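Here, each number is a calculation from the coordinates, and none is a lab measurement. Nothing here was measured: the structure is a model prediction, and the numbers come from that model. Cβ atoms come from the backbone with ideal geometry, glycine included; neighbour counts cover every protein chain shown.
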Amino acid sequence: MLSRNNLILVFLILIKFLVQYLAIDSGYELHRDEYLHLDLGKHLAWGYRSVPPLTGFISYLIQLLGNDVFWVKFFPAAFGAMTIGIVWKATEALNGGLFAMLLASSCVFFSALLRINTLYQPNSLEFMLWTLVFYTVLQFIRTENIKWIWIGALAFAIGFLNKYNIGFLALGLFLALLVSPQRKIFGKRELYGALVLVVLIILPNLYWQYTQNFPVVRHLSELANTQLVYVNRMDFLKEQFLFFVGGLPVLLIALFSFFTYPPFRKYRLFFWNLCFTLLLFTYFKAKSYYAMGLYPILFAFGAVYAESLLSGNWKRYLRPVLLAIPLLIIIVMFPIMVPVLSPPEIVEKSETFEKFGLLRWEDGRNHQIPQDFADMLGWSELAGLVDQALEKVTDIEHTLIHCDNYGEAGAINYYSKQLYTDAVSMNADYIDWYPLDAFEIRNVIMVKSTYDDDPERKREREFFESVELIGQINNPYAREYGTRVWLLKGAKVSVNQVLKEEIQREKAE
């Protein structure tokens, strides 16, 4: 039978799932990235251009379960719930009482993770695994039981197969160990056995990277040139305060606890790990949310110390106040953090969104709604236009759907009801999935974004018997607003050969 504390934890987890499913207005669709991640499940491999292999295996499982929105949203919600559970158990391991466990869990629950955990992206699992690795470090320091080294190594290896950012965790933790008494761990042979385990688990992915000429390097280069170039280092540091804004008092208490609370002095490496990892992220101009995995475990320390500080007769009455802060702040922040407001409602409250910098997109300019929300609009409309084009084709088995970017291709594959073969793109992993040896391409449905330099398709008119504009995305709030769908029928040249040459050039660059 579950204890009272565990029953409360189960109740929190159930509430977590409920909130995650209610945190999206019905007018929004899946996010651009989610479509790509779902399509990975159709092409299982030990690596991808965009992410490590684990996302593909989870996507395959989602497809087996029916591939509907419920299951797409289930996994990030589950990983978010697990993060709360790990923090709860970490607080318990530090001898925290029920108040401390509730406080630490609330700081994690009522945070930017509410948004992260609505999206089927590697981030939810990433932050859960970061928290699990830190939990194993905590338990090893507390018990010196060797099993925690092995569990930590396993968690790290799984994290590597999920997202390579966990390498920053490893480097930050390594530097923190060097300046702390826990550096004695480098003398334990079990540590090196655990490192061998890590290498064995991630070796298939490393071999895949090698055989593919390390596409991760190109992906990181593109990321640095197209997105990270707009990152301001000071903005990165300032935005760290926004992710867990309701838990800031507890986070500050945690940082002080490593120097003022005797039982926590042996855990001081968590402080140094935070400092070193943030410095690394700042130097490499990382996106601000990359660092979110650093914080959940710290709330366990802050909550236990806060419980100790508020143990006097009159001080006990301050506990409900501290417990209420994360909830009260998230009530205020909730409408701007998650897409519960429709686009017109966001426009009405644009000053609030702009004040928090939420209207600034990756291009460095302000737009009507946050980019994250704009990436959840217009997709089924696009798929409907593609279906209209397919209805005009008699030899559909010889028709290719060619898109400008991965969001377009993935959304068409998810929503279209007329597909003979999946939509593809020269963008992201889709460049490897062109069915050029499966059939002769006679017709092309071309999806062109608003940055198109040939809006009349003059280039294609000499290579196809007919070129027809089917329509465009008309949702003014969608990031893909104005994206056009063209039907090119009756190829006069070998489209297969042209695309093979273009793909070779693209991969060679």
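Things to note:
- Top positive-direction residue, dipole computed over the range 4-337 with Cβ charges, set 278, 258, 21: 258
- Nearest 10 degrees, 0 to 90: helix 248-260 Cα axis against the chain principal axis: 50 degrees
- Length-normalised contact order of the chain in % [C-alpha pairs under 8 Å, at least 6 apart]: 16 percent
- Within straight-line reach of residue 500, meaning a Cα separation under 24 Å, sit the following lysines at least 8 residues removed in sequence or on another chain: 42, 448, 458, 489, 492.
- From its DSSP helices (H runs of at least four residues, each -39,500 (n - 2.57)), the chain gives a residue-normalised ellipticity at 222 nm of -18500 deg cm²/dmol.
- Relative packing of 251-258, 429-436, which averages over residues the other C-beta atoms within 10 Å, highest first: 251-258, 429-436
- Charge tally around residue 140: other residues with Cβ under 14 Å, Lys/Arg +1 each, Asp/Glu -1 each, net +4.
- Over 32 Å apart at the Cα level, from the set 349/417; 73/287; 16/355; 163/188; 163/184; 73/355, are 349/417.
- Alpha-carbon centroid distance for the pair the range 77-115 / the range 168-223, whole angstrom: 27 Å
- Value of relative contact order over the range 379-508, rounded to a whole percent, pairs C-alpha under 8 Å and six or more apart: 26 percent
- Cα long-axis angle, helix 495-508 against the chain (0 to 90 degrees, to the nearest 10): 40 degrees
- For the peptides 38-44, 404-410, residues were scored by their other Cβ atoms within 10 Å and the scores averaged per peptide; the highest-first order is 404-410, 38-44.
- Listed peptides 480-487, 499-506 by packing density, highest first (mean Cβ within 10 Å): 480-487, 499-506
- Cα-based helix-to-principal-axis angle, 215-226 vs the chain, degrees rounded to 10: 90 degrees
- Here residue 469 and residue 200 are evaluated by their C-beta separation; at R0 = 45 Å the FRET efficiency comes out at 0.25.
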